Amino acid sequence: MVQYKKPITYLIVGLAVCLNILLLDRLVLPRKFVPAIVEATMMLEYEHESRYGGHSRTFIGEMYFTDLGQTFSLERGNIDTPFVEVEETFLFHNITGVKTINEDYSEGLISGFNGLKLYFLGILALSLNICAGLLLGYKKANENILWNSILFNGFLLFVLSVLYIYVS
């Protein structure tokens, strides 16, 4: 396993750089405010089967589609007017806020990298940065460092992927 130290190090450093750029865009760089019109909505429901053969649906939120091609999901609450102001990040156009004239819906966003997904993204970026520092700092990295780097970061990447797929 130690013979694969160089490709593993390049992979971890590359992932760390990508996630650092994503977090820099999300947390540090200025954001754009774009006026938009909500054209369509769709209810997000989770349908599950009970033990006794019945089906029940649980309301998760609503997905909104704007005239500019933006989509975002809100945890609860209807937007009462079609005119919204969408707050986007500068590089990747991740939606970080939605406002109307009367109300701010930014706290209820569940799409994109918001909420729990943002915390897991931060933990994964911190872990990748620490592992990259360890792998670049030690000339002779032992097998334990390599396995810990691969397995822990792989697990966090798996959790983040599942959250992004099923909660978006």
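The values are calculated or read from the model by the stated rules, or taken from the named source; none is laboratory data. Just so it is clear, the structure is predicted and the values come from calculations on it, not from any experiment. Reconstructed Cβ throughout: ideal geometry from the backbone, glycine too, with neighbour counts over all protein chains shown. Heavy atoms of the whole protein, side chains included, go into the accessibility calculation; ligands, DNA and RNA do not. Shrake-Rupley method; radii C 1.70, N 1.55, O 1.52, S 1.80 Å.
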Which listed residue is free of Cβ contacts under 8 Å to residues at least 12 places away in the same chain, hydrophobic (A, V, I, L, M, F, W, C) and loosely packed, with under 13 Cβ neighbours inside 10 Å, from VAL28, VAL2 = VAL28
Restricted to the range 79-95 and to residues being aliphatic (A, V, I, L, M) and in a loop (DSSP other than H, G, I, E, B), the residue least open to solvent (accessible area, probe 1.4 Å) is ILE79
Residues satisfying the stated conditions in the range 116-150, i.e. free of Cβ contacts under 8 Å to residues at least 40 places away in the same chain and within 21 Å of the chain's Cα centre (by Cα) = TYR119, ILE123, LEU126, SER127, ILE130
Does LEU118 satisfy the criteria of being closer than 29 Å to LYS6 by Cα and assigned to a helix (DSSP H, G or I)?
-> no
Which condition does VAL84 not pass, out of (1) over 14 Å from the mean Cα position of the chain (by Cα); (2) under 30 Å from ASN148 (Cβ atoms); (3) not hydroxyl-bearing (Ser, Thr, Tyr), if it passes all the others?
-> (2)
Would you point out the residue of the range 96-117, among those that are crowded, with 16+ Cβ neighbours inside 10 Å and hydrophobic (A, V, I, L, M, F, W, C), that is farthest from MET63 (Cα to Cα)?
-> PHE113
